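Below is a structure I'd like to ask you about.
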Amino acid sequence: MSVGILLVDDHAIVRDGLRMLLEAHSDLKVIGAAADGREALNEARRLRPDIVIMDISMPRMDGIEAAQAI
C-alpha cells in the first residue's frame, strides 16, 4: 500500500523537485499539489492525503493557517 502525499509550496520548481525525490520510493505517491494555503485546504478535502508536506510562508493563506484548518 502506498502513502498518498499532498505537496504545497508557492514555487513550482520546489514542488516538482520534491515530487521527483518522493516518487523515487515505490511506497510513496504524490496524489496532488497546491500553490498556496487556500488551494491546499481544498485539495486536502478533495484528495484526503495521508501526509501533507507544506511550506510555511505562502501567499493568500500561510502554511500554519492551512495546517490548522486541515
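Could we say that ILE31 is in contact with a strand residue (DSSP E or B) (Cβ under 6 Å, 6 or more places away or on another chain), touching a residue at least 40 places away in the same chain (Cβ under 8 Å), of a type in the set (A, V, I, L, M) and outside any loop (DSSP other than H, G, I, E, B) here?
Taking the combined requirement at face value, the residue does not satisfy it.
Then there is this: Just the residues that are closer than 9 Å to VAL8 by Cβ and not small (Gly, Ala, Ser), please, taken from the stretch 20-70.
Matches in the stretch 20-70: ASP36, GLU39, GLU43, VAL52, ILE53, MET54, ASP55, MET58.
Can you name the number of the only condition in (1) over 11 Å from the mean Cα position of the chain (by Cα); (2) open to solvent by less than 50 Å² (accessible area, probe 1.4 Å) that SER2 fails?
That leaves (2) as the condition not met.
Among the residues of the stretch 7-17, is any in contact with a strand residue (DSSP E or B) (Cβ under 8 Å, 6 or more places away or on another chain) and surrounded by fewer than 18 Cβ atoms within 10 Å (Cβ to Cβ)?
Taking every residue of the stretch 7-17 in turn, none turns out to be in contact with a strand residue (DSSP E or B) (Cβ under 8 Å, 6 or more places away or on another chain) and surrounded by fewer than 18 Cβ atoms within 10 Å (Cβ to Cβ).
Ok, one more. Looking only at the stretch 23-46, how many residues end up being under 12 Å from the mean Cα position of the chain (by Cα), under 28 Å from MET1 (Cβ atoms) and open to solvent by less than 50 Å² (accessible area, probe 1.4 Å)?
Adding up the residues that qualify gives 8.
Here's a follow-up. Which residues, taken from the stretch 47-70, are part of a helix (DSSP H, G or I), open to solvent by 70 Å² or more (accessible area, probe 1.4 Å) and touching a residue at least 12 places away in the same chain (Cβ under 8 Å)?
Across the stretch 47-70, the qualifying residue is only GLU65.
Could you tell me whether ARG15 is outside any loop (DSSP other than H, G, I, E, B) and of a type outside the set (Val, Ile, Thr)?
Taking the combined requirement at face value, the residue satisfies it.
The values are calculated or read from the model by the stated rules, or taken from the named source; none is laboratory data. Not measured: the values here are computed from a predicted model. Don't worry about glycine lacking a Cβ; one is built from the backbone with ideal geometry, like all the others, and counts go over all protein chains shown. Side chains are part of the model used for accessible areas, which takes the heavy atoms of the whole protein and leaves out ligands, DNA and RNA. Shrake-Rupley method; radii C 1.70, N 1.55, O 1.52, S 1.80 Å.
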